[in-house]
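The values are calculated or read from the model by the stated rules, or taken from the named source; none is laboratory data. These numbers were taken from a predicted model, which means no experiment stands behind them. All Cβ positions, even for glycine, are placed from backbone atoms using ideal geometry, and neighbour counts span all protein chains on display. When the accessible area is computed, the model is the full protein with side chains, heavy atoms only, and any ligands, DNA or RNA have been set aside. Shrake-Rupley method; radii C 1.70, N 1.55, O 1.52, S 1.80 Å.
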Amino acid sequence: PPPEASDDPIKGTQDIVAQRDFSFDVGETITLSMNYQGASDGALHLYTREAFMAENGDVIADPTSRITTIYPTRTNQVELEVNGTWTKLYAQWVPMNAGESEKNWVISLNQANNKYHLDF
């Protein structure tokens, strides 16, 4: 059956009017600080999605969701703009030295002050 007539006065998208303070921007700025206690170079990769859980309980991130890479031997703090709808970030430490193990963390984005810290 054909759709029923509506009392809605909108006839086309040109009739849609947003409130003055409306914004599509859902980003939030967070601060991630790191206290890296190792001696070798390496990369800290940040991801937005989980791929699977390893047998040891580590959450492994989806490699297609990587948002940035940080080098903790060069900086100990970064500011990132994240989507305000994300509830978690997934971090993976990949050392350049075979004597040091890779590490994985799940960072719950639930701090009112938007400040997060990793010790490793």
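Brief remarks on what is shown
- Annotation: Ala5 fulfils all but one of (1) modelled with pLDDT of 85 or more; (2) open to solvent by 100 Å² or more (accessible area, probe 1.4 Å); the unmet one is (1).
- Near pairs, Cβ below 8 angstrom, 6+ apart or cross-chain, from the range 108-120 (under 25 Å from Ala39 (Cα atoms)) to any residue that is exposed (fewer than 10 other Cβ atoms within 10 Å of the Cβ): Asp119/Gln37; Phe120/Gln37
- Just one of the listed residues (Val26, Val59) is exposed (fewer than 13 other Cβ atoms within 10 Å of the Cβ) and in contact with a strand residue (DSSP E or B) (Cβ under 9 Å, 6 or more places away or on another chain), namely Val26.
- Test: Thr48 is under 18 Å from Leu109 (Cα atoms) and either surrounded by fewer than 12 Cβ atoms within 10 Å (Cβ to Cβ) or β-branched (Val, Ile, Thr) (or both): yes
- Strands (runs of 3 or more DSSP E) wholly inside the range 77-120 that include at least 2 residues being of a type in the set (Asp, Glu): 77-83
- Only one entry in Gln37, Gln19 is surrounded by fewer than 10 Cβ atoms within 10 Å (Cβ to Cβ), in contact (Cβ under 8 Å) with a residue 40 or more places away in the chain and outside any strand (DSSP E or B), namely Gln37.
- Matching residues, the range 70-104, being within 12 Å of the chain's Cα centre (by Cα), open to solvent by 30 Å² or more (accessible area, probe 1.4 Å) and among the hydrophobic types (A, V, I, L, M, F, W, C): Trp86
- Residue check for Ser65: surrounded by 13 or more Cβ atoms within 10 Å (Cβ to Cβ), modelled with pLDDT of 95 or more and polar (S, T, N, Q): yes
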